[in-house]
Amino acid sequence: GDSVTQMEGPVTLSEEAFLTINCTYTATGYPSLFWYVQYPGEGLQLLLKATKADDKGSNKGFEATYRKETTSFHLEKGSVQVSDSAVYFCALDRGNQFYFGTGTSLTVIP
Amino acid sequence: NAGVTQTPKFQVLKTGQSMTLQCAQDMNHEYMSWYRQDPGMGLRLIHYSVGAGITDQGEVPNGYNVSRSTTEDFPLRLLSAAPSQTSVYFCASSPGFAGELFFGEGSRLTVL
């Protein structure tokens with residue numbers, strides 16, 4: 001069945017460090033891929049998405065490229081800020097059902 | 001701009017009690033869904049609906065009932081609560097296929 005696997009956390013980085021959170025997926029066909037972010041005490045909100053192979057989603061300095069050959073959608077940011085501290089979820093969409101990864105907690109320290 | 005509204009935000013139940021988690025959206029979205037979030041397990045789909053009068057099961061439907069009588073509302077019912085249903089519940093809506101999910105703020109349920 002369809003599934004998403006993302007790197008275990010928690011991740012702790014110093015401000016201005018480079019961030020990578022790995023995400024791989026298992027699915028037939030060409031699902032849409034998403035990164036959602038959850039700030040403390042809040043619901044999830046969309047960070048970025050890509051709907052077909054080789055698409056790059058980007059938002060707020062975060063980027064992820066839909067790689068069909070490696071079935072990956074890794075999240076990157078060149079310089080993290082304290083305000084980026086949150087839990088990040090990779091997800092794929094199969095029309096009526098979203099499949100989420102387990103989430104990766106990021107803490108950025110000044 | 002309310003978006004997706006969930007009530008209550010917190011609830012404590014005793015085993016065997018029943019309750020309804022309310023979810024309402026004001027974006028005229030056809031698709032609505034319920035997830036539960038548990039530590040180390042991410043979000044898992046409980047039930048979803050693609051329009052008024054249409055519901056279907058997700059990954060973990062046992063112990064939960066839903067109905068969709070209007071486009072705006074999608075309540076989740078626990079008929080006989082169990083400690084295994086202690087979790088944070090999120091309602092989400094979407095305008096349609098491959099669309100962004102819009103989440104409520106969550107409802108934290110504890111079953112003693």
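The values are calculated or read from the model by the stated rules, or taken from the named source; none is laboratory data. Worth saying up front: this structure is predicted, and the values here are computed from it rather than measured. Backbone-built Cβ (ideal geometry, glycine too); neighbour counts: all protein chains shown.
Values as computed for the structure displayed
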| quantity | calculated |
| --- | --- |
| Residue count for the stretch B:7-31, restricted to those that are among the small types (Gly, Ala, Ser) and under 16 Å from residue B:81 (Cβ atoms) | 2 |
| Verdict on residue A:60 being surrounded by fewer than 17 Cβ atoms within 10 Å (Cβ to Cβ), basic (Lys, Arg) and over 25 Å from residue B:44 (Cα atoms) | yes |
| Members of the stretch A:85-99 found to be more than 7 Å from chain B (Cβ to nearest Cβ), over 18 Å from residue A:13 (Cα atoms) and part of a strand (DSSP E or B), listed by number | A:90, A:91, A:92, A:99 |
| Qualifying residue in the stretch A:74-83 (condition: touching a helix residue (DSSP H, G or I) at 6+ places or on another chain (Cβ under 6 Å), among the hydrophobic types (A, V, I, L, M, F, W, C) and more than 16 Å from residue A:22 (Cα to Cα)) | no |
| Index of the failed condition, residue B:10 passing every other in (1) out of contact with any Asp or Glu (no Cβ under 9 Å at 6 or more places or on another chain); (2) aromatic (Phe, Trp, Tyr); (3) surrounded by 16 or more Cβ atoms within 10 Å (Cβ to Cβ); (4) over 17 Å from residue A:92 (Cα atoms) | (3) |
| Elements of type strands (runs of 3 or more DSSP E) contained in the stretch B:3-112, each with 2 or more residues being away from every other protein chain (no Cβ under 14 Å) and either in contact with a Pro (Cβ under 6 Å, 6 or more places away or on another chain) or closer than 25 Å to residue A:23 by Cα (or both) | B:19-25 |
| Residue in the stretch A:86-101 that is modelled with pLDDT under 95 and more than 25 Å from residue B:104 (Cα to Cα) present | no |
| Residue in the stretch A:43-59 that is away from chain B (no Cβ under 14 Å) and part of a strand (DSSP E or B) present | yes |
| Of all residues making up the stretch A:63-84, the number that are crowded, with 20+ Cβ neighbours inside 10 Å, in a loop (DSSP other than H, G, I, E, B) and touching a residue at least 40 places away in the same chain (Cβ under 8 Å) | 2 |
